[in-house]
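Novice: Quick one: the structure is below, questions incoming.
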Amino acid sequence: MTSAPLILSIDQGTTNTKAILVDAGGAIRHRASRPVRPTFPRPGWVEIDPVQLWKSVYGTAHDCLEAAGHPRLTGIALANQRESVMMWDRKTGAPAGPVVVWQCRRTSSFCRDLRDRGVEKTIRRRTGLPIDPLFSASKLRWLVDHAPDGRRRAEAGELAAGTVDSWILWNLTGGAVHATDASNASRTQLFNLETRSWDEELLMLFDVPESLLPRIESSNALFGETAGADGIPAGVPIAGVLGDSHAALLGHRAFAPGTVKATYGTGSSLVSPVPELILPDDGLVATVAWQLGGRTTYAIEGNISVTGSAIDWCTELLNLENASETIALATTVSSSDGVYVVPAFVGLGAPHWKDDARGLITGITRSTGPAQIARAVLESVAYQVRDVFEAMDGSMRAEASELLADGGASRSDALMQIQADLLGRAVVRNNAEDLSALGAAYAAGLGLGIWSSTDEIDALPRDLDRFEPSCTDAERREGIAGWNAAVARTIFSTNADHTPSDEQTAPAQEVSTR
């Protein structure tokens, strides 16, 4: 008698790694989580120790399996923070520098140089993405140039590089697999959306040797099998890999055009699947939603760098215990009394794309207190999401009647109600705590035959909450006008000279594994 299908799905994020066990009914049987600690060596720089990151992955997986009594696994799935990139030695597996995190702005000056060369239209046409330090290509160039003897070793095929999924796949398979999926590849700025392959001209523009890069697979491909290291059993198929935002979209079962989801994490990503490749020109980007069975679904997306992390910042600023206390404080007042916080800590993402912008607080009076500041920070999350939603609504060729929500900050009823009020449309929250991991499990289940189609996945039970708008149109317009004025002031006051040059960096040191 065979055991019931069970998928271990790992969601590797910017500040934590989660693991869940998912059964054939789509139910989460067990879960575990371990923290990941980014470091900030310079203003605007964000990085993670690759060894610490891998330890968080296998440690969380072990915790989850141990809690479940070490069951037999049908497969492993993986969702991961996107755009973050790293490089390692093909022979030893030793990292050749840090994980340069998606939020990191160390390549701002290189990106400005590219824009000055007039190549942005070419890059947008091929990748769907603007020139911005958010994406992986400029970070990868930086790693090559700052690793000891990095360029020679890269060109000689001695080094491998990739987004976080590639690093985890490499370690799960004992170095046998160097691969990524189409959703992650589409975020590197080296992937051609039409040919769905690495682009030679883009590799030349960013000066990245193709020998570094992983092979590109479908999101539900059989990537390989586990090697049995670090307490994870051997011989388990790895059959689902997606970037976390794409996985969350799949977790929402947002298969039809006209659906828009927002993930409220450290930053936020709004994504909508589209019936064909669309290259928007209003501050949004084009991307691959997923590739299932070789069939590509495209999407349009808007990326916000700072949402949940703004709440964390406010928690530290006000000397509170945790984000829940900050949200509770924000709800003690009914408005921010005209205070606006624009959390451009690492620049402004969509729809503005001002990577050298910095944060601003405006509207403070003598009566302003901690509660108004906390409220303004909470509202800043909803305002930023609204900006992207409105841009998306005009680009996706199908009207969005509601917003699908997930992620840690979406647990706040207050934030979800503010969001519905600012949109003037319903917000539907999926109460699955680990939607990205669940979406990756769906992809793996399709690849392994646990589910035969997306229709079968769509029929699985789910737990939703719905928030309807409750404010007046006049109140909504007044709030939005104040927010727009604050954003305009942020952009106007930007001083690009404050952004440190990527040439002013010390060489990255190799990190030894144990």
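Readers should treat all values here as calculations from the given coordinates under stated rules, not as data from a laboratory. Keep in mind the model is a prediction, meaning the values are calculated, not measured. Here the Cβ positions follow ideal geometry from the backbone for every residue, glycine too, while neighbour counts run over all protein chains shown.
Novice: Amide H to amide H under 5 Å from Ala94: which residues, 5+ apart in sequence or cross-chain, H placed 1.01 Å off N in plane?
Specialist: Those qualifying (amide H under 5 Å, at least 5 residues apart or on another chain) are Asp89.
Novice: How far apart, in nm, are two points set 7 Å out from the Cα along the Cα-to-Cβ line at Arg42 and at Cys471?
Specialist: In this crude spin-label approximation the distance works out to 4.0 nm.
Novice: Suppose the Debye formula is applied to equal point scatterers at every Cα of the range 224-334; what is log10 I(q)/I(0) at q = 0.14, 0.15, 0.17, 0.18 Å⁻¹?
Specialist: -0.78, -0.83, -0.89, -0.92
Novice: Can you sort Lys18, Lys55 by how many other beta carbons sit within 10 Å, fewest first?
Specialist: Lys55, Lys18
Novice: Something else: Using mean Cβ contacts within 10 Å as the protection proxy, how do 353-361, 366-374, 315-323, 98-106 order, highest first?
Specialist: 98-106, 353-361, 366-374, 315-323
Novice: Skipping prolines and chain starts, which residues have an amide H placed within reach, meaning under 5 Å, of the one on His30, given they are 5 or more residues away or on another chain?
Specialist: Leu21
Novice: Okay, next question. Using θ = phi - 60° and the Karplus curve 6.51 cos²θ - 1.76 cosθ + 1.60, what whole-Hz ³J(HN,Hα) does each residue of the range 331-340 get, with Gly and Pro shown as x?
Specialist: Computed from phi, the couplings for the range 331-340 are 7, 6, 10, 8, 7, 8, 6, x, 7, 10 Hz.
Novice: Rg and Dmax of the range 20-155 over Cα atoms: what are they, in angstrom?
Specialist: Looking at the range 20-155, its Cα Rg and Dmax stand at 18.8, 58 Å.
Novice: Still on this structure: Per 0.36 nm of contour for each residue apart, how much would the distance between Phe255 and Glu456 grow if the chain were fully extended, relative to their Cα-Cα spacing?
Specialist: Using 0.36 nm per residue and subtracting the Cα-Cα distance, I get 71.1 nm.
Novice: Right, another one. Can you compute 3J(HN,Hα) from phi for each residue in the range 73-79, using the Karplus curve 6.51 cos²θ - 1.76 cosθ + 1.60 with θ = phi - 60°, rounded to whole Hz and x for Gly and Pro?
Specialist: With the stated coefficients, the range 73-79 comes to 9, 7, x, 10, 10, 9, 10 Hz.
Novice: Can you compute the FRET efficiency between Arg90 and Glu155 using 1/(1 + (r/R0)^6), with r the Cβ-Cβ distance and R0 = 22 Å? Round to the nearest 0.05.
Specialist: The computed FRET efficiency comes out at 0.95.
Novice: Could you line up Met392, Met204, Met86, Met416 from fewest to most neighbouring Cβ atoms inside 10 Å?
Specialist: Lowest to highest Cβ neighbour count: Met204, Met416, Met392, Met86.
Novice: When the scattering of the chain is computed by the Debye formula from its Cα atoms alone, each counted once and equally, what is log10 I(q)/I(0) at q = 0.06, 0.09 Å⁻¹?
Specialist: Debye output, listed in q order: -0.25, -0.59.
Novice: Filter Lys91/Lys121; Lys55/Lys354; Lys91/Lys139 down to the pairs with a C-alpha to C-alpha distance above 28 Å, please.
Specialist: Over 28 Å apart, Cα to Cα: Lys91/Lys121; Lys55/Lys354.
Novice: Roughly what % of Cα-Cα distances in the range 6-243 sit above 26 Å, to the whole percent?
Specialist: Tail of P(r) above 26 Å: 36 percent of Cα pairs.
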